[in-house]
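Only the coordinates and a few stated rules stand behind these numbers; no lab work does. Worth saying up front: this structure is predicted, and the values here are computed from it rather than measured. Note that we place each Cβ from the backbone using ideal geometry, even for glycine, and neighbour counts take in every protein chain shown.
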Amino acid sequence: MKRKQAVVCSSDSAVAPPVQTVPVTLLTGFLGAGKTTLLNALLAEPAMRDAAVIVNEFGSVPIDHGLVHTGSERYFKTTTGCICCTATSDIRTSLYELHQAFLEGMMPDISRVVIETTGLADPAPIINSLIAGGTPALGLRDHIVARHFHLAGVVTAFDVTSGRAMLDSFIEGWKQLAFADHIVLTKTDLADATAKGCESLADLNPAARLHDRNAADFDLMSLFAAKNYALRDKPEDVQGWLAADRLSLHAGHDHDVNRHGAGVEAFDLTFDGGFDPQAIVTFLELVTSNVHSGLLRLKGIFRATDDPERPVVAHAVQHRLYPLTRLAGWPDGDRATRLVLIGMDMPQQPIRDLFETLASKARRKARS
């Protein structure tokens, strides 16, 4: 994987880097927008067979890594924590480790890298870490990354069923859309007002191409048509956000991997045993039924007593619980039930107590 040093260009131009550098595509979108589903569809494309994948998850217990169909030969890395303060470190470190893995013969050559961010990610720190004129290099590692990788584009998934409410509460959602080259509208099969939602997105970022994920003519690989990320056509706020990020350097952040800002927090629940399938449904319905609980996102993998080798996958966005699905098998060696819940000022203890009550009942039933 011989690479030449990338051509230095100003942040408001689109001077193409040498073809020897590996293009990096950022896949972003707010909590529950369908990024992992979109990523799985992309990785099934023949043209993506030699793509490397980096997934960032908010919280200390990764879930999405088990839901991404990477294949045994694909380079895949998961990072956890608050992307706002760890983006530059984690992304550059991950790309450096990818490059070193190739040099040491641990993986074949790659044609591209896809980075899936946590739904709470502010894109500015990540983009600053990958463009010329962004966050300064802090050592040899960063210079190596700059010589061998370049940002090719930003793809943002947008949930048309709940995205508008998200935009009213979280600036990160606006930023994810404003930085995008492509906006992929998801869950359009569940929405009645898709066209109205598209109009507001077009006003926010006129330069971005809008795609309907469920349209018959949707072309996944068109999301990778761009060769080099350009800022000149983006909304004027984008340049200001990047400049503010370079000045702040994330000073004063507490670096708690389970916290994001003042009110958003993640917590995890784990259980080594199996739950009765009805207990799983009961727990999820109780947690998601309170529309004022502050829940933003729930995702988990459950071991069920009726078929322990086929885990149950659960997803919820705010109070909407999506139909449960079964995996054909466990994605890794860990067969424990594990959930991550992300919320805004969400009362944790009642949820922990309910989970522990159901777990205690399952232990007693297993002993008997």
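For the reader, a short list of remarks on this structure follows.
- Ordering of 139-145, 36-42, 293-299 by burial proxy (mean other Cβ atoms within 10 Å per residue, highest first): 293-299, 36-42, 139-145
- Hz values of 3J(HN,Hα) by residue in region 39-56 - Karplus curve (6.51, -1.76, 1.60), Gly and Pro given as x: 4, 4, 5, 5, 5, 7, 6, x, 5, 9, 5, 10, 8, 9, 10, 10, 10, 9
- For the pair E97 and L204, a Förster radius of 35 Å applied to the C-beta separation gives a FRET efficiency near 0.50, rounded to the nearest 0.05.
- Förster-model FRET efficiency, 45 Å R0, K365 and V291, C-beta, rounded to 0.05: 0.90
- Highest-first arrangement of 225-234, 25-34, where packing means the average Cβ count within 10 Å: 25-34, 225-234
- Contact order normalised by residue count of region 262-367, Cα under 8 Å, 6+ apart, percent: 38 percent
- Computed lengthening from K227 to R352, 0.36 nm per intervening residue step minus Cα-Cα distance: 40.3 nm
- Take 277-289, 165-177 and order them by the average number of nearby Cβ atoms within 10 Å per residue, most first; the result is 165-177, 277-289.
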